[in-house]
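Input: a single structure, listed below in structure tokens.
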Amino acid sequence: MAAAAELTLLEKSLGLSKGNKYSAQGERQIPVLQTNNGPSLTGLTTIAAHLVKQANKEYLLGSTAEEKAVVQQWLEYRVTRVDGHSSKDDIHTVLKDLNSYLEDKVYLTGYNFTLADILLYYGLHRFIVSIQIVTGSFSAVFRMPFFHLS
């Protein structure tokens, strides 16, 4: 899913009215949002955090200092580890790491749903769907179930 489509879905899930126009820059198609009140914003996580604040749902960015840091950590993970990686081995490593991490958690920060959960879902969705379409089964490709990713 392209970043502009993800940001449009995020707007909808946050209850924001449509109207933002996104463009992309560079070879990696980094999303750009031109704001009405200032400079343009660049980058998926920067724009997503801006949208969360616009919707007055800042709790999605974390409640405590530690939770905010964990949200930032997973937003960075999304951009550095998930985006741009499409080999079978890369996907397997990401899913294995996430499965292990989520073993004793409900959400990425523990028990609170955050922007990190939303953007990681959007980023991983294309891999999960493509695995299921190609093989008819998610775990058949990797010969191990990822119980904590459902």
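The values are calculated or read from the model by the stated rules, or taken from the named source; none is laboratory data. From a predicted model like this one, the values you see are computed outputs, not experimental measurements. As a convention, Cβ positions derive from the backbone with ideal geometry for all residues, glycine included, and neighbour counts pool all protein chains shown.
Can you confirm whether Leu60 is crowded, with 17+ Cβ neighbours inside 10 Å and modelled with pLDDT of 95 or more? The answer is yes for Leu60.
With a requirement of 2 or more residues that are outside the structural domain of Ala116 (by the TED database), hydrophobic (A, V, I, L, M, F, W, C) and touching a residue at least 40 places away in the same chain (Cβ under 8 Å), the helices (runs of 4 or more DSSP H) lying completely within the stretch 1-95 that satisfy it span 3-14, 44-54.
Could you grab me the full set of residues in the stretch 24-34 that are of a type outside the set (A, V, I, L, M, F, W, C) and either surrounded by 15 or more Cβ atoms within 10 Å (Cβ to Cβ) or touching a helix residue (DSSP H, G or I) at 6+ places or on another chain (Cβ under 8 Å) (or both)? The answer is Gln29, Pro31.
Here the condition is being more than 17 Å from the chain's Cα centre (by Cα) and within 23 Å of Phe127 (Cα to Cα); of Lys88, Lys21, it holds for Lys88 alone.
Name the single residue, out of those in the stretch 97-123 being among the small types (Gly, Ala, Ser) and closer than 15 Å to Val79 by Cα, that is modelled with the lowest pLDDT. Step by step, filter the stretch 97-123, then rank; the result is Gly123. In this entry, Glu67 passes the filter for residues that are surrounded by 14 or more Cβ atoms within 10 Å (Cβ to Cβ) and farther than 17 Å from Gly123 by Cα.
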